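S.K.: Dropping a structure here in structure tokens format, bear with me for questions.
The values are calculated or read from the model by the stated rules, or taken from the named source; none is laboratory data. Since this is a predicted model, take the numbers as computed values, not measurements. Heads up, the Cβs are rebuilt from the backbone with ideal geometry, glycines too, and the neighbour counts pull from every protein chain shown.
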Amino acid sequence: MVLTRNTIRWVLKPLVFLASLGPVVYLAWGAFTGNLGANPISEITFGTGDWTLRFLAISLAVTPLRKLSGWNDLIRFRRMLGLFAFFYGTLHFVTYLSLDRFLDVIAVRQPDQGSLIGAFLRSIVQDVWMRPFITVGFAAFLAMLPLALTSTAGWIRRLGGRNWQRLHRLVYVAAVCGVVHFWWLVKADVREPLIYAVIFGVLLTFRIAVAFSRRPARRAPSSAAGTDLAQRPS
Amino acid sequence: MLIKKAPDIASSEITPERLYVRRREFLRAAGIGVAAVATGVVGGRRPAEAGQTGQDLAITTKMVTTGDEKVTPFDDITTYNNYYEFGTGKDDPARNAGNFKPKPWSVKVGGECAKPGEYTLEDILRPHPIEERVYRMRCVEAWSMVIPWAGFPLGDLLKRFEPNGNAKFVEFETVMRPAEMPGQRRQILPWPYREGLRMDEAMHPLAIMAVGLYGKTLPNQNGAPMRLIVPWKYGFKGVKSIVTINFVREQPLNTWQQMDSNEYGFYSNVNPSVDHPRWSQASERRIGEFFKRPTQMFNGYADQVASLYDGMDLRRNF
């Protein structure tokens, strides 16, 4: 099968899209049928968090894989994969806000403490302010937000390629904050966050190495940034 | 069979030992022997759950401390566990505890007491009629269950070893068996797991040595063959698969406090107004429920245990 632009657009990308929906479908189906164990809300929280980190890793692996395999078409999948990281991050955040914070507030709130919304907002602010692992988790989400909002070709044009490139380096902030968030919430077993730390470490090192290897030549517009942008996102 | 509900039991009836002993005399006088009352009587109120492979226990009395709060299903109690010796996932203990052999079992008793020694499980259990105690269990992670334990008062056991005047605390240790407990092959925690109680806490009538669950012997993942239950404290005080009991002069260093003394203390009383540094303890998720519940002081056992801590700053002694 020749890997034409159409094959990518109409076959491969839809397949990747459907596969990427797998985790949320599994969690939703599991919650509906009572198959997520004794504490389904905890499963959903951890599951969505896990897949946020995984999609961040997968989307950060695109460029290294391109360089190693020579398969430039991989770049066409990067936006979708990055947006799925944001999707799972949003699910994770919304789960925390509604099933943890909101349910907490309605359980312990005293009637004389003002409005429910006020108590809810205070509860979130308190968590973000007082619990370092929540602070960095929130920072990770904030880092992803502008990337999701500026993910289209229109924004690349509006911002200009170089600025867009610089803004999207926030993905590294999101990845590091995400790993630290995970690391700081475990009680004793840091094995899983450590695995993510190693994966992101390798991916980051690769990118730094590539950036340094390009140093001697002045960075012309036809460097990686230009090449990426020349592919009209489809 | 005598069934007592918590509201019927005022703290004045429970706390003083002489009154507690008198209740036992009453039971004997009423002809309810310490010999077996068939589990069938209790089982009739709560049918044995599918998948239970433990042996039937002869339950003599039943104490319900949880009013009409729904008892957590056996499946949830036995598949959602923190037992890091078998792995740190909640489903790891159920998956990995199959090779664990709770028999033969013996307990080494030592320290400040007149009857130290090595006691087999049979020696330990023989004189104690088994009671069913329906207790709340509140994990430090802010989830909770209602569990029908089968066991006997810890104080009755400890008295047999005749602790002397120097015994201010009692410490317990979990078995060390990396061959059967995969989590112990890594230094997740500084094995073996250690926990302890102040002597008056240990002698309190609510503290039990649990040997069963839902009328049958404990599944491995719940701490077979015997584990501590101290319902007014966070669940990690309930040390599992006990092989050592020591009476000591100084407060023991319990494992979680050793891991991080900022987050886990010795007393670990359930207290909604003392947060864990990383999360609030004001509410909890009862397993099986969608909405959260407000956490109660001493896990709802304040009437019975608050007097143990009169004058103590429970924020400092958390």
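S.K.: Criterion first (within 14 Å of chain B (Cβ to nearest Cβ), closer than 17 Å to A:Y172 by Cα, touching a His at 6+ places or on another chain (Cβ under 9 Å) and crowded, with 16+ Cβ neighbours inside 10 Å) does A:G82 satisfy it?
M.R.: Numbers: within 14 Å of chain B (Cβ to nearest Cβ): no; closer than 17 Å to A:Y172 by Cα: yes; touching a His at 6+ places or on another chain (Cβ under 9 Å): yes; crowded, with 16+ Cβ neighbours inside 10 Å: yes.
Judged against the criteria, A:G82 is not a match.
S.K.: Where in the stretch B:104-223 are the strands (runs of 3 or more DSSP E), entirely inside, with at least 2 residues that are modelled with pLDDT of 95 or more and small (G, A, S)? Spell out how you get there, then give the answer.
M.R.: Working: elements: B:106-111, B:117-120, B:130-138, B:143-153, B:169-174, B:194-198, B:208-213.
In the stretch B:104-223, the matching strands (runs of 3 or more DSSP E) lie at B:106-111, B:143-153, B:208-213.
S.K.: Is the stretch B:282-304 home to any residue that is assigned to a helix (DSSP H, G or I), in contact (Cβ under 8 Å) with a residue 24 or more places away in the chain, surrounded by fewer than 20 Cβ atoms within 10 Å (Cβ to Cβ) and within 14 Å of chain A (Cβ to nearest Cβ)?
M.R.: Scanning the stretch B:282-304, I find at least one residue that is assigned to a helix (DSSP H, G or I), in contact (Cβ under 8 Å) with a residue 24 or more places away in the chain, surrounded by fewer than 20 Cβ atoms within 10 Å (Cβ to Cβ) and within 14 Å of chain A (Cβ to nearest Cβ), so the answer is yes.
S.K.: Which helices (runs of 4 or more DSSP H) sit wholly inside the stretch A:93-194 and have at least 2 residues that are in contact (Cβ under 8 Å) with a residue 24 or more places away in the chain and more than 30 Å from B:G89 (Cα to Cα)? Before the answer, list the steps.
M.R.: On the way: elements: A:103-108, A:116-130, A:132-149, A:153-159, A:161-167, A:170-185.
Helices (runs of 4 or more DSSP H) meeting the threshold: A:132-149, A:153-159, A:161-167.
S.K.: Before we move on, is B:Q221 among the polar types (S, T, N, Q), closer than 30 Å to B:A282 by Cβ and out of contact with any strand residue (DSSP E or B) (no Cβ under 9 Å at 6 or more places or on another chain)?
M.R.: Working: among the polar types (S, T, N, Q): yes; closer than 30 Å to B:A282 by Cβ: yes; out of contact with any strand residue (DSSP E or B) (no Cβ under 9 Å at 6 or more places or on another chain): yes.
Answer is yes for this residue.
S.K.: State the number of residues belonging to the stretch B:261-281 that are over 17 Å from A:K187 (Cβ atoms) and at the interface with chain A (Cβ under 8 Å from one of its Cβ atoms). Reasoning before the result, please.
M.R.: Kept after step one, since they are over 17 Å from A:K187 (Cβ atoms), are these residues of the stretch B:261-281: B:266-267, B:269-274.
Filter once more, so that each one left must be at the interface with chain A (Cβ under 8 Å from one of its Cβ atoms): B:272.
Of the residues in that region, 1 qualify.
S.K.: Something else: Give the stretch B:114-137 a look and list any residue that's within 28 Å of B:T65 (Cα to Cα) and either within 14 Å of chain A (Cβ to nearest Cβ) or among the aromatic types (F, W, Y) (or both), or say none.
M.R.: To start, the set of residues in the stretch B:114-137 that are within 28 Å of B:T65 (Cα to Cα) comprises B:121, B:124-137.
Answer for the stretch B:114-137, where residues must be within 28 Å of B:T65 (Cα to Cα) and either within 14 Å of chain A (Cβ to nearest Cβ) or among the aromatic types (F, W, Y) (or both): B:Y135, B:M137.
S.K.: Report whether or not B:Q258 is more than 18 Å from the chain's Cα centre (by Cα), within 14 Å of chain A (Cβ to nearest Cβ) and within 30 Å of B:N164 (Cα to Cα).
M.R.: Values: more than 18 Å from the chain's Cα centre (by Cα): yes; within 14 Å of chain A (Cβ to nearest Cβ): yes; within 30 Å of B:N164 (Cα to Cα): yes.
For B:Q258, the condition - more than 18 Å from the chain's Cα centre (by Cα), within 14 Å of chain A (Cβ to nearest Cβ) and within 30 Å of B:N164 (Cα to Cα) - is met.
S.K.: Next up: When you go through (1) away from every other protein chain (no Cβ under 14 Å); (2) farther than 30 Å from A:W164 by Cα; (3) in contact with a Lys or Arg (Cβ under 6 Å, 6 or more places away or on another chain) one by one for A:L103, which number turns out not to apply?
M.R.: Here A:L103 clears every test but (1).
S.K.: Something else about it: Within the stretch A:177-209, work out how many residues are more than 14 Å from chain B (Cβ to nearest Cβ), of a type in the set (V, I, T) and touching a helix residue (DSSP H, G or I) at 6+ places or on another chain (Cβ under 7 Å).
M.R.: Within the stretch A:177-209, the first condition is being more than 14 Å from chain B (Cβ to nearest Cβ), and the residues that meet it are A:177-179, A:196-209.
Among the residues that remain, those that are also of a type in the set (V, I, T) are: A:179, A:198-199, A:202, A:205, A:208.
Now narrow it down to the ones that are touching a helix residue (DSSP H, G or I) at 6+ places or on another chain (Cβ under 7 Å): A:179, A:199.
So the answer is 2.
S.K.: Also, I was wondering about something else. Tell me which residues, restricted to the stretch B:56-101, are more than 9 Å from chain A (Cβ to nearest Cβ), touching a residue at least 24 places away in the same chain (Cβ under 8 Å) and part of a helix (DSSP H, G or I).
M.R.: B:F74, B:T78, B:E85, B:F86, B:D92, B:P93, B:A94, B:N96, B:A97, B:G98, B:N99
S.K.: With the checklist (1) more than 25 Å from B:Q184 (Cβ to Cβ); (2) buried (at least 19 other Cβ atoms within 10 Å of the Cβ); (3) more than 16 Å from the chain's Cα centre (by Cα) in hand, flag the one item B:V270 doesn't pass.
M.R.: Every listed condition holds for B:V270 apart from (3).
S.K.: Every residue in the stretch A:39-56 that is surrounded by fewer than 20 Cβ atoms within 10 Å (Cβ to Cβ) and within 16 Å of the chain's Cα centre (by Cα), please.
M.R.: Those that are surrounded by fewer than 20 Cβ atoms within 10 Å (Cβ to Cβ) and within 16 Å of the chain's Cα centre (by Cα): A:T45, A:F46, A:D50, A:R54.
S.K.: Would you mind telling me which numbered condition in (1) surrounded by fewer than 21 Cβ atoms within 10 Å (Cβ to Cβ); (2) touching a residue at least 40 places away in the same chain (Cβ under 8 Å); (3) under 19 Å from the mean Cα position of the chain (by Cα); (4) away from chain A (no Cβ under 14 Å) B:G111 fails?
M.R.: Condition (3) is where B:G111 drops out.
S.K.: Can you tell me how many residues within the stretch A:35-72 are within 14 Å of chain B (Cβ to nearest Cβ), among the polar types (S, T, N, Q) and without any contact (Cβ under 8 Å) to a residue 40 or more places away in the chain? Give the derivation first.
M.R.: Taking the stretch A:35-72 first, the residues within 14 Å of chain B (Cβ to nearest Cβ) are A:35-47, A:50.
Still in the list and also among the polar types (S, T, N, Q): A:35, A:39, A:42, A:45.
Then drop every residue that is not without any contact (Cβ under 8 Å) to a residue 40 or more places away in the chain, which leaves A:35, A:39, A:42.
Selection size over the stretch A:35-72: 3.
S.K.: In the stretch B:224-264, what residues are assigned to a helix (DSSP H, G or I), touching a residue at least 60 places away in the same chain (Cβ under 8 Å) and out of contact with any helix residue (DSSP H, G or I) (no Cβ under 9 Å at 6 or more places or on another chain)?
M.R.: Those that are assigned to a helix (DSSP H, G or I), touching a residue at least 60 places away in the same chain (Cβ under 8 Å) and out of contact with any helix residue (DSSP H, G or I) (no Cβ under 9 Å at 6 or more places or on another chain): B:G235, B:Q258, B:M259.
S.K.: Any residue that is small (G, A, S), under 12 Å from the mean Cα position of the chain (by Cα) and either closer than 20 Å to B:A150 by Cβ or surrounded by fewer than 21 Cβ atoms within 10 Å (Cβ to Cβ) (or both) - is there at least one of those in the stretch B:178-194?
M.R.: no
S.K.: Still on this structure, please answer the following. Which residue out of B:G215, B:G265 is crowded, with 23+ Cβ neighbours inside 10 Å and either under 16 Å from B:N317 (Cβ atoms) or in contact with a Ser or Thr (Cβ under 7 Å, 6 or more places away or on another chain) (or both)? Lay out the reasoning, then the answer.
M.R.: Numbers: B:G265 fails: crowded, with 23+ Cβ neighbours inside 10 Å.
Answer to the selection: B:G215.
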